[in-house]
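The values are calculated or read from the model by the stated rules, or taken from the named source; none is laboratory data. The structure displayed is predicted, hence computed values, not measured ones. Using ideal geometry, Cβ is built from the backbone for each residue, glycine included, and neighbour counts are taken over all protein chains shown. In case anyone asks, the SASA skips ligands and DNA or RNA and just uses the protein heavy atoms, side chains included. Shrake-Rupley method; radii C 1.70, N 1.55, O 1.52, S 1.80 Å.
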Amino acid sequence: MKKLLVTATAALSLLLPGISGADIIFYKNGKIKHDVKSTQITMKLCSTCNDTLTLDRDKILGIQGYENGKLDISLKDDSGSNWDIGHSTTGDCVKITIRNKEGKEETVNGEDIEKYLFTNDIVPDKDIIKKYDFIKVAGQYYKSMDLTPGGSFFFYRDDVKERYLLVSIDNLKLAQNYENLQVYPSFDKEEIESLEQKLKSEGKDTYIAVVASAGCALTPFFVNHPNSQFVGTIFHEWWHENKRDLPLELNEAAATAVGLLLSEDFMSKHPEYKSSSLWGENAKTSISFREYSKIVVEYHDRLSKLYSSNKTDKEKLEIKEQILKEMKEKTGIEMNNAQISFQVTYCRYFNLVGKVVKSYKTLQEGINALKDIPPLDLERGVKYLEDLVAKNTAEKDTNMPKVINTY
């Protein structure tokens, strides 16, 4: 099975497992405090009253702190596996009782906690801190582009390995986006591969991806992922966290363009993070994804036309096989209906979004134009982008200096 990291806005809350027996570490000023387990969190309900709320450690998913002193305490829901709304307060209202390995308890003030992390020591602490330092630099760059960093990758969790997403569809059908596919999420590789074989035996086309989603945790997979590739995923997911009202295909196209274009600009300004030989070899670039998108859209449209024709199923299957064989021979890309339907979600409008960004004088201006895409309505959104390209192209042509030919 070839695995591909895919970012998605799909409702993947089922992919958040409960935390069982994980130790807590937290660090202050870049220092690690080892060998501690929290027993409870006591939170005053307001800074001026004495009413308190005691939260059991097993109910707590994590604490997120902000520069203004605000703390968000995220809880597990009743199933113990997903996010709950939790509580929002300030550091001076929070007391965390911890117990060290000798059993001695002490109390830590909420305002002293920069990170509150779950770990089973799978990844060395120094690597986790180093990754968070990188995310901080990426966040500063993101802000400089007039964009808002999100909460994705704030929590570190090493009870999570890889998130698998299996999608399937009938062998003579295509979907316009991944929301119209049959979707099966899982953390269990054997389980997902077994289900894939079952679906294939039923005549389904299937595709397995390793996915990230908005709000996801930093995991060992991401800690070990090259910064030069990881930064694009960060920017992609942060876009989704701040832009949730766009039609799916436009949102994925915009997030993908933002992720790729900004990661290339970021890496050009921070070459010290190009530490992996994978950079420039296997990493996606905006140029390579532009060509990839053209291919996916072309063959999605050709197959759609075939499946809606009056040909018999036997004829359709034979022609389908010929088309996919041609796709592989011409492009080196091997796909089926499930993968094409999944990928076209990102590809259908990627080149249109890219044209919009490139039509502006600066990358920042182009990216910010995407924030004003009309919400909810795909047709209006596409027209908005097409009008921007036409307007900016016309203005460039008008401002071009005239060349006088002399003979």
Give me the percent of the accessible area of the stretch 190-231 that comes from carbon and sulfur atoms, probe 1.4 Å, all protein chains in place.
44
What is the extension gain from Asp377 to Lys274, computed as 0.36 nm multiplied by their sequence separation minus the C-alpha to C-alpha distance, in nm to one decimal?
33.1 nm
Mind checking the per residue accessible area of the stretch 156-272 for me, 1.4 Å probe, whole number of Å²?
35
Putting +1 on Lys and Arg Cβ atoms and -1 on Asp and Glu Cβ atoms, find which of Val231, Ser268, Ala255 reaches farthest to the positive end of the dipole of the stretch 200-273.
Val231
Dipole of the stretch 274-374, positive end: most advanced residue of Ser341, Ile367, Val353 [Cβ charges, Cα centre]:
Ile367
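With a 1.4 Å probe and every protein chain left in place, work out the accessible area per residue of the stretch 307-382 in Å², rounded to a whole number.
Dividing the accessible area of the stretch 307-382 by its residue count gives 55 Å².
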Considering only Cα-Cα distances, which of the following residue pairs are longer than 30 Å: Lys200/Lys311; Lys274/Lys325; Lys136/Lys361; Lys200/Lys383?
Lys274/Lys325; Lys200/Lys383
